[in-house]
Amino acid sequence: MARRALWKGQLRLSLVSIPVELYAAHDSSARVSFRQIHKPSGKRIHYDKTVSGIGPVKSDDIVKGYEIDGDYILLDPDEIDAIKLETKKTVELVQFVGACEIPPLYFDKPYYLVPTDDLAEDAYRVIRDALRASEKIGLGQMTMRGKEYLVAIKPCGDGLLLETLYYADELHDSEPMFSEIKDAKADDELLDLATALIEKKTAPFDAENFTDHYAEALTELIEAKKKNRKTPRVSADEEDRPAGENVVDLMAALKQSLGSAGTKKKPAGKSGTKTAPKGRKKAS
């Protein structure tokens, strides 16, 4: 089955525009995932969008609301879609930085950026090779899934890797976290020992040298219980198997249920909440 592009548009450098497509670089299905089951009945737990005093509601009746002074400013989906941003269809490389200039803290998610057809490949290769030769990363912005992202584009094998970055106001200041660490010099002997150990264990990075031991243990446990006839089992009803539905991991399901239940965000300005600068407020 062909993978579906998450975004389609143009990669632009000055007057050069290249048609490209964006694909997820990570595979969330590789992790062990579960369904939540109501043990007394053996039925699967569902997550419905509900309203207090009304019950389940239709998706068509749901709009976005931004909380301000105890009220909600309602935004219709059509009003949001009507916001015209060039970054909805274009990623323009507006700045270039050294390959090691961006602190790792800013990187969020990786995506593969590929040319849409053979005609686009020539210009695509030029940008890829120019970035590699100059040891630079291209910066730009793109709109995807209702949000405008800051992105970094860099060479990756035969192609280009696009990584979304956090904006400065999305990161917590590190100073409060580290302020209590005393400013003292490390013991020279211990420092030499630690340095020697680091040198001894230094080797080229290869992700295949590392495995998810917890996932492996879970898989072994599931296999053992599958072979054990005494393992409690329940049958999935047909209503629990919607056509084309994929298994959702537990964390994603819980996050979705919290959002669907209308969990309120803390108003800006309260303790522990960072006030977003004008123009960066988010609808929820």
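Of note:
- Subset of segment 61-78 (residues that are of a type in the set (Ser, Thr, Tyr) and touching a residue at least 24 places away in the same chain (Cβ under 8 Å)): TYR66
Yes or no, residue by residue, for (1) touching a residue at least 12 places away in the same chain (Cβ under 8 Å); (2) at negative phi; (3) in a loop (DSSP other than H, G, I, E, B):
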residue: ALA133; (1), (2), (3): no, yes, no
residue: LEU139; (1), (2), (3): yes, yes, no
residue: ILE153; (1), (2), (3): yes, yes, no
residue: MET177; (1), (2), (3): no, yes, no
residue: LYS182; (1), (2), (3): no, yes, yes
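- Residues within segment 32-56 that are in contact with a helix residue (DSSP H, G or I) (Cβ under 6 Å, 6 or more places away or on another chain) and charged (D, E, K, R), tallied: 2
- Restricting the first member to segment 79-108 and to residues that are closer than 17 Å to LEU162 by Cβ, and the second to residues that are of a type in the set (Phe, Trp, Tyr), the beta-carbon pairs closer than 6 Å and six or more apart or on different chains are TYR106/TYR166; ASP108/TYR166.
- Members of segment 37-78 that are among the polar types (S, T, N, Q), modelled with pLDDT under 85 and surrounded by 13 or more Cβ atoms within 10 Å (Cβ to Cβ): none
- Strands (runs of 3 or more DSSP E) fully within segment 10-128 counting 3 or more residues that are under 30 Å from HIS172 (Cβ atoms): 64-68, 71-75, 95-98, 107-115
- Here segment 1-36 is the region considered, the condition is being aromatic (Phe, Trp, Tyr) and under 26 Å from THR87 (Cα atoms), and the residue that is surrounded by the fewest Cβ atoms within 10 Å (Cβ to Cβ) is TYR23.
- Members of segment 13-29 found to be without any contact (Cβ under 8 Å) to a residue 12 or more places away in the chain and of a type in the set (A, V, I, L, M), listed by number: LEU15
- Verdict on THR143 being of a type in the set (Ser, Thr, Tyr), touching a residue at least 40 places away in the same chain (Cβ under 8 Å) and either under 30 Å from ASP48 (Cβ atoms) or in contact with a helix residue (DSSP H, G or I) (Cβ under 6 Å, 6 or more places away or on another chain) (or both): yes
The values are calculated or read from the model by the stated rules, or taken from the named source; none is laboratory data. It should be emphasised that the depicted structure is a prediction, and the values quoted were computed from it without experimental measurement. Note that we place each Cβ from the backbone using ideal geometry, even for glycine, and neighbour counts take in every protein chain shown.
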